[in-house]
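The block underneath contains the structure these notes are about, expressed in structure tokens.
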Amino acid sequence: MIKEKIHRLSENFYKGELSAIFTLCVKNRIALFTEPDIVNVFIDILREITLKRNCIIPVYCFMPDHQHLIIKGTGDHCDIRQAIIHYKQRTGFWMRVNKVNDYLTQAKACGYKNCNTAIICAFFIEEIECVK
């Protein structure tokens, strides 16, 4: 079982014009990101959150059971911790509505072979930023 690490910084350290690296793990180490359609949905949600929260994501990488990303606040009003919280809420809701965990659990039980692949995909993209 994966346990969330205790965050060492206070909430104020995530506010303003700064950058931070996050690793977000899938519960129970399910190889969620071996499905390109699921990765694309997560990317779309990430873009939406970025626009709403006035942040920039210069780099992100999806591995089979986790993702890495760098997120940067664009001004004093930015709160990158809240952006990550919102992203996790939106993706979790999408997974529940679409019964993604049920599908992956069944696929793995039936001998789905992609569950142990190395890097599914890595995206090094131009900065996605908010223009309002």
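The values are calculated or read from the model by the stated rules, or taken from the named source; none is laboratory data. Remember, it's a predicted structure, so these values are computed and weren't measured experimentally. No Cβ is skipped: glycine too gets one built from the backbone with ideal geometry, and neighbour counts run over all protein chains shown.
Yes/no per residue for (1) crowded, with 19+ Cβ neighbours inside 10 Å; (2) at pLDDT 95 or above; (3) among the acidic types (Asp, Glu); (4) within 27 Å of Arg29 (Cβ to Cβ):
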residue: Arg53; (1), (2), (3), (4): yes, no, no, no
residue: Asp65; (1), (2), (3), (4): yes, no, yes, yes
residue: Ile80; (1), (2), (3), (4): yes, no, no, yes
residue: Ile85; (1), (2), (3), (4): no, no, no, yes
residue: Lys88; (1), (2), (3), (4): no, no, no, yes
residue: Arg96; (1), (2), (3), (4): no, no, no, yes
Of all residues making up the range 42-72, the number that are among the β-branched types (Val, Ile, Thr), touching a helix residue (DSSP H, G or I) at 6+ places or on another chain (Cβ under 6 Å) and assigned to a strand (DSSP E or B): 2
